[in-house]
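Notes to accompany the following structure.
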């Protein structure tokens, strides 16, 4: 068993004046390497391809809807489970995509982003001493959520370069304490899109062992040719044991609005709602109203098709720049990240290389060892985010051309 406290590469947290009131288990969270990379990028004027959010504006039709909602005085608390109009829009979107009719009142809860939904679910369903299986590398909030719940992680390592795993890998992670399987597809940071066959393996193990599945699908609209998003909740026998977590922020390039949601049966919704009501209680009312309009009209506007086309162009633009600079670029099926390697023997870790790229080359990335329970065992890679304007990606590519000469 691996402690969730050891889930990410961390520096010791600086609390200032030492206080006996800080819960000891929180000290292990430390200060993330992401904060360090962003700080260094700002200090050195680096092109920031580390942070996972767009540097371009979200669509006008969604922003205009938010303005109308504010002007209509939709500015007080929403229902804690979410605005009815947004829950209805989410239900209609799910039915259109997967052919399953949802009860908007019982089967959907709106949260302040997907990260809150993840936290709420883990607190609701992971008991002290229990374990949650995650696919490694993994988004760092998974470990923090388990830590606060007094639980722990059981990583199943995805094997590069194709980020594969086997049913036996998953079986070996099971113990008598296993309670949850947490899945992320399309996957951050690798860009892996789990296949229908792989999801079938997970479903089989979940059903046979009576496990809950949490599935983080925030990048489900950002897919590349040859890849299909399948929601595990739609597989036979999985609806009653699955909560699907999603976010409008990635889909509509408005991450600061923090409009997430969960889809699943009422029996599971009741558990996460019990936590949600005491974490944020309710989510921003005008932004919920705007996202209801966004979900209701995006398909007819051709928005989703254009989103995929635009991200595919950005992906190829950055991929070309990285390869010309000497990086090996791993395939990605979805999300807006590229994982790369750089042949070299100068640096002892991906963190050292990432710091050097910022300070000497002027490009910020994220060292993926931060996504591993034992960072020292992680493959030597870097994660680049291409949710950026074309000019930003070209500027980064131009600076990176100097890497081989300098390294």
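Bear in mind these aren't lab numbers, they're just calculated from the coordinates by the rules spelled out. Computed from a predicted model, the values in this text were never measured in an experiment. Neighbour counts run over all protein chains shown; Cβ positions are idealised from the backbone, glycine included.
Here are some notes:
- Rg/Rg_globular for region 337-382, with Rg_globular taken as 2.2 N^0.38 Å and Rg from C-alpha atoms: 1.08
- The value of relative contact order for the chain, using C-alpha pairs under 8 Å at least six residues apart, is 26 percent.
- What the Cα atoms of region 199-289 give is an Rg and a Dmax of 14.9, 43 Å.
- Backbone N within region 134-162 under 18 Å of label point (7 Å from residue 19 Cα along the Cβ vector): none
- 20 Å cut-off, amide nitrogen to a point 7 angstrom out along residue 67 Cα→Cβ, residues in region 219-259: 252-258
- Stretch gain in nm, segment residue 309-residue 55, where the contour uses 0.36 nm per residue and the Cα spacing is subtracted: 89.7 nm
- Label point of residue 281 set 7 angstrom out along Cα-Cβ; within region 104-143, amide nitrogens under 18 Å from it belong to 110-113.
- Residues 303, 372 arranged by fewest to most Cβ contacts within 10 Å: 303, 372
- Inverse of mean 1/r across different Cα pairs in region 60-297, Kirkwood, Å: 18.1 Å
- Length released on extending from residue 164 to residue 96, taking residue separation times 0.36 nm less the Cα-Cα span: 21.4 nm
- When you restrict to C-alpha pairs under 8 Å that are six or more residues apart and normalise by the size of region 60-297, the relative contact order lands at 32 percent.
- Taken along the Cα-to-beta-carbon direction at a fixed 7 Å, the label points for residue 177 and residue 390 span 5.3 nm.
- On full extension, the segment bounded by residue 297 and residue 195 gains 33.8 nm, given 0.36 nm per residue less the C-alpha separation.
- Of 52, 99, 82, the one that fluctuates the most in a GNM where the chain has Cα springs shorter than 10 Å: 99
- DSSP assigns beta bridges within the chain; of those with both partners inside it, close to 50 percent run antiparallel.
- Tail beyond 29 Å, pair distance distribution of the chain (Cα, percent): 45 percent
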